[in-house]
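Read through the structure below, which is laid out as structure tokens, and then see the notes.
The values are calculated or read from the model by the stated rules, or taken from the named source; none is laboratory data. If you're wondering where the values come from, they're calculated on a predicted model, not measured in any experiment. Note: ideal-geometry Cβ built from the backbone for every residue, glycine included; neighbour counts use all protein chains shown.
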Amino acid sequence: MNLVNFWAYLRQRFPPVNMALFAVLFLTVWSVATAAAGRAALGWPEVGGIAAAISFFFRLRVFDEIKDFALDAQNHPERVLQQGRVTLPQLQRLAWAGAGLELAWSATRGRAALLGWALALAYSLAMRYEFFAPAWLRARLLLYAVSHMLIMPLVIGWLWLAYALPAGAGLGWLMLLALLGGFAFELARKTHAPAAERAGVDSYSRALGLAGAVAGVGLVLLTSAAAQAGLLRQLRAPAWPYVVLGGLLALTLAAYGAALARPREALFRRAEVLVSLVMLSSYLTLIFHVHSAR
């Protein structure tokens with residue numbers, strides 16, 4: 001594979017900012033899972049865990065490329081993959097090489113981590129084949145999204161089991177936070193102004209109506225905030241994380257209100273960025289609090 005073309009593909013479909021987010025996700029689970037034990041030093045096992053987490057999500061991207069290749073060839077012919085500069089077999093070989101890394105890392109963390117990884121892998125394979133009912137599921141956009149977002153709690157469980165046994169209440173809060181954060185981002189990225197809707201491209205603003213899609217994003221964000229508050233209470237956090245996250249949430253909801261009042265695509269994309277910031281901040285505040293409290 002030509003490395004220049006592969007880098008161009010990554011920039012389009014799996015950019016460094018995504019890799020950084022998955023690294024932060026791992027560090028969040030590691031921080032909360034080890035909080036009670038007081039362990040804080042990063043080492044090579046954590047470097048391996050970050051690589052394993054990034055690898056897992058890269059494979060999910062490749063699975064999506066396989067499922068959507070024909071449709072993307074029609075709607076996005078400019079993409080590196082659709083132009084043939086990288087190929088699906090090349091991406092699949094990389095994805096499954098990454099699975100070997102995940103397997104090796106999980107094995108070093110013990111049987112529970114290995115089992116957690118196997119469960120997440122099995123569910124991701126069911127996602128790859130769209131639960132063997134692709135036409136039925138694709139006709140139900142919300143159910144499709146929920147079924148695919150359920151991978152998030154399984155990934156959290158896998159990473160948690162690499163560090164903490166037995167599972168505690170913190171695991172449940174983290175699973176819920178990851179599920180809701182991912183769902184909020186999924187809703188946000190597929191909510192568009194009427195003039196930006198494209199034939200043949202699914203969107204929640206088309207499926208639910210613009211007001212319904214915006215209400216959905218707001219509801220999921222508020223529920224996610226409640227889950228975050230529950231975890232922060234369990235960790236006995238001070239006031240500052242609540243202030244930071246509350247301010248970002250208020251700003252995001254205000255941005256959606258402005259976009260709904262004047263439906264322009266630029267406003268919805270700005271609101272999408274704010275949703276991403278809320279999700280990222282929810283993880284970073286947990287990391288900073290846990291390590292500052294040690």
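I'd like the full set of residues that are assigned to a helix (DSSP H, G or I) and either modelled with pLDDT under 90 or over 22 Å from the mean Cα position of the chain (by Cα) (or both), limited to the stretch 184-206. Step through it out loud before you land on a result.
Of all residues in the stretch 184-206, those assigned to a helix (DSSP H, G or I) come to 184-189, 194-196, 204-206.
Of everything in the stretch 184-206, those that are assigned to a helix (DSSP H, G or I) and either modelled with pLDDT under 90 or over 22 Å from the mean Cα position of the chain (by Cα) (or both) turn out to be 194, 195, 196, 206.
Within the stretch 40-69, take every residue that is in contact with a helix residue (DSSP H, G or I) (Cβ under 9 Å, 6 or more places away or on another chain) and not in a helix (DSSP H, G or I) and give me the one that is modelled with the highest pLDDT.
42
Does residue 74 satisfy the condition of being on the phi < 0 side of the Ramachandran plot, in contact (Cβ under 8 Å) with a residue 12 or more places away in the chain, touching a His at 6+ places or on another chain (Cβ under 7 Å) and assigned by TED's automatic domain parsing to the domain that holds residue 160?
It is false that residue 74 is on the phi < 0 side of the Ramachandran plot, in contact (Cβ under 8 Å) with a residue 12 or more places away in the chain, touching a His at 6+ places or on another chain (Cβ under 7 Å) and assigned by TED's automatic domain parsing to the domain that holds residue 160.
If residue 41 meets every condition in (1) surrounded by 14 or more Cβ atoms within 10 Å (Cβ to Cβ); (2) under 16 Å from residue 164 (Cα atoms) apart from one, which number is that one?
It fails just one condition, (1).
Could you tell me whether the stretch 139-155 includes any residue that is touching a His at 6+ places or on another chain (Cβ under 8 Å), assigned by TED's automatic domain parsing to the domain that holds residue 60, touching a residue at least 60 places away in the same chain (Cβ under 8 Å) and under 30 Å from residue 5 (Cβ atoms)?
So far as the stretch 139-155 goes, no, none of its residues is touching a His at 6+ places or on another chain (Cβ under 8 Å), assigned by TED's automatic domain parsing to the domain that holds residue 60, touching a residue at least 60 places away in the same chain (Cβ under 8 Å) and under 30 Å from residue 5 (Cβ atoms).
Just need a number here: residues in the stretch 226-242 that are surrounded by fewer than 15 Cβ atoms within 10 Å (Cβ to Cβ) and within 17 Å of residue 293 (Cβ to Cβ).
Taking the stretch 226-242 first, the residues surrounded by fewer than 15 Cβ atoms within 10 Å (Cβ to Cβ) are 226, 233, 236, 238-240.
Applying the additional criterion that residues be within 17 Å of residue 293 (Cβ to Cβ) yields 233, 236, 238-240.
Summing the residues that are surrounded by fewer than 15 Cβ atoms within 10 Å (Cβ to Cβ) and within 17 Å of residue 293 (Cβ to Cβ) in the stretch 226-242 gives 5.
Are there any pairs, at least 6 apart or on different chains, whose C-beta atoms fall under 6 Å, with the first in the stretch 102-113 and on the phi < 0 side of the Ramachandran plot and in the same structural domain as residue 45 (by TED's automatic domain parsing) and the second outside any helix (DSSP H, G or I) and surrounded by 14 or more Cβ atoms within 10 Å (Cβ to Cβ), and if so, which?
Sorted first by the residue in the stretch 102-113, then by its partner, the pairs are 109/162; 113/162.
Would you pick out the residues in the stretch 192-224 that are under 19 Å from residue 68 (Cα atoms) and not hydrophobic (A, V, I, L, M, F, W, C)?
197, 198, 200, 202, 203, 204
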